[in-house]
Amino acid sequence: MKHLLKLADLSREEILTILNLADQLKYERSHGIRKEYLKGKKLGMIFQKSSTRTRVSFEAGMYELGGYALFLSNRDLQIGRGEPVEDTARVLSRYLDGIMIRTFAQKEVEDLAKYGSIPVINGLTDYCHPCQVLADLMTIREKKGAFKGLKMCFIGDGNNMANSLMVGAVKTGMAFSIACPAGYEPDAQLVAWAKENGSFTMTTDVCEAARDADVVYTDVWASMGQEEEKAKRERAFAGYQVNEAVMRAARPDAMVLHCLPAHRGEEITADVFEAHADEIFEEAENRLHAQKAVLCKLMQ
């Protein structure tokens, strides 16, 4: 494992190794044990998309590991004024020990890794969100004990979250179902891969997708960069909401996850969100632990 560009690049064993290390780091933090695994190491954090959880969790994580994180926005880098990504990659490789980038195009992340000589971590692209799904998997295993025999259901847009969740579910042995409107399906190649390699179903019926689910997951209807489509998406996704009817279709002990920020009253009702707030905010906390594990695996 040289980079974390997308979850599909990792084997099941690599995913489990990251999760096991994340569990260890979470235990150490909760017991006041601080080990500076990355003492003196420097992480450059490139943000072409803003974030609360990604920035704070990576910055806090590097501090807790004894390293240092540099926040770099478009306004701080020549990449924002047209410098080729391959030149930026080669320059930053001479200053830093790792790069985390949160951006639009997956190709930009892949090119950073191709032309640089240091580890690159995908903090989110329009294609996938591997760091979030590692935290999701960590949370599911904490609550359910294991992955085998579980069913995960995703309701909403077939976006970067859906793409990464289906990969994470299949690789860890969970069944995966998704309910989304026609025209908003996940990446076709990933759908074909999931059908070939695991238990995968796709439907337009939310209750059918949620039937007997152990994990119910949703995300906002309009992601960052899609604000102009908000009204159109509200019409398309009307009915694609995690609510009491959906939860009645799922297992009685089903957990609910959301990558946040949440729009109560749209993709999830306020009642369902608050009933599962402990799970959702544990999931948010686990971004810190899962990403610290990735940092250690790549930069130690």
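The values are calculated or read from the model by the stated rules, or taken from the named source; none is laboratory data. All figures in this text were calculated on a predicted structure; none of them were measured in a lab. Reconstructed Cβ throughout: ideal geometry from the backbone, glycine too, with neighbour counts over all protein chains shown.
The table below lists the values:
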| item | result |
| --- | --- |
| Some residue of the stretch 119-126 being surrounded by fewer than 16 Cβ atoms within 10 Å (Cβ to Cβ), of a type outside the set (Gly, Ala, Ser) and in the same structural domain as residue 39 (by TED's automatic domain parsing) | no |
| Residue pairs meeting the criteria (Cβ under 8 Å; at least 6 apart or on separate chains; first not assigned by TED's automatic domain parsing to the domain that holds residue 44, in the stretch 54-79; second at pLDDT below 95 and basic (Lys, Arg)) | none |
| Meets criteria (touching a Phe, Trp or Tyr at 6+ places or on another chain (Cβ under 6 Å) and part of a loop (DSSP other than H, G, I, E, B)) for residue 173 | yes |
| Among the candidates 256, 191, 246, residue that is β-branched (Val, Ile, Thr) and in contact with a Gly (Cβ under 9 Å, 6 or more places away or on another chain) | 191 |
| Residue count, the stretch 79-92 (criterion: touching a strand residue (DSSP E or B) at 6+ places or on another chain (Cβ under 8 Å) and surrounded by fewer than 19 Cβ atoms within 10 Å (Cβ to Cβ)) | 1 |
| Matching residues in the stretch 91-130 - criterion: being over 13 Å from residue 42 (Cα atoms), in contact (Cβ under 8 Å) with a residue 40 or more places away in the chain and among the aromatic types (Phe, Trp, Tyr) | 104, 127 |
| Lone qualifier among 169, 188 - being crowded, with 24+ Cβ neighbours inside 10 Å, modelled with pLDDT of 95 or more and not assigned by TED's automatic domain parsing to the domain that holds residue 112 | 169 |
| Checking residue 65 against (1) crowded, with 21+ Cβ neighbours inside 10 Å; (2) touching a strand residue (DSSP E or B) at 6+ places or on another chain (Cβ under 8 Å); (3) within 15 Å of residue 40 (Cα to Cα), the condition it does not meet | (2) |
| Total residues in the stretch 252-300, condition touching a residue at least 60 places away in the same chain (Cβ under 8 Å) and not in a helix (DSSP H, G or I) | 7 |
| Test: residue 213 is under 21 Å from the mean Cα position of the chain (by Cα), assigned to a loop (DSSP other than H, G, I, E, B) and within 17 Å of residue 143 (Cα to Cα) | yes |
| Residues that are among the hydrophobic types (A, V, I, L, M, F, W, C) and either touching a residue at least 24 places away in the same chain (Cβ under 8 Å) or crowded, with 20+ Cβ neighbours inside 10 Å (or both), drawn from the stretch 191-206 | 191, 193, 194, 200, 202, 206 |
| Only listed residue being surrounded by 20 or more Cβ atoms within 10 Å (Cβ to Cβ) and within 30 Å of residue 66 (Cα to Cα), chosen from 209, 250, 293 | 293 |
| The stretch 137-156 residues that are assigned by TED's automatic domain parsing to the domain that holds residue 262, paired with ones that are in a helix (DSSP H, G or I) and among the β-branched types (Val, Ile, Thr) (beta carbon under 8 Å, 6 or more apart) | 137/15; 147/140; 150/140; 152/140; 155/206; 155/246 |
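Condition check ((1) closer than 15 Å to residue 141 by Cβ; (2) outside any helix (DSSP H, G or I); (3) over 16 Å from the mean Cα position of the chain (by Cα); (4) not assigned by TED's automatic domain parsing to the domain that holds residue 113) across all residues:
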| residue | (1), (2), (3), (4) |
| --- | --- |
| 18 | yes, no, no, no |
| 23 | yes, no, yes, no |
| 29 | no, no, yes, no |
| 36 | no, yes, yes, no |
| 39 | no, yes, yes, no |
| 49 | no, yes, no, no |
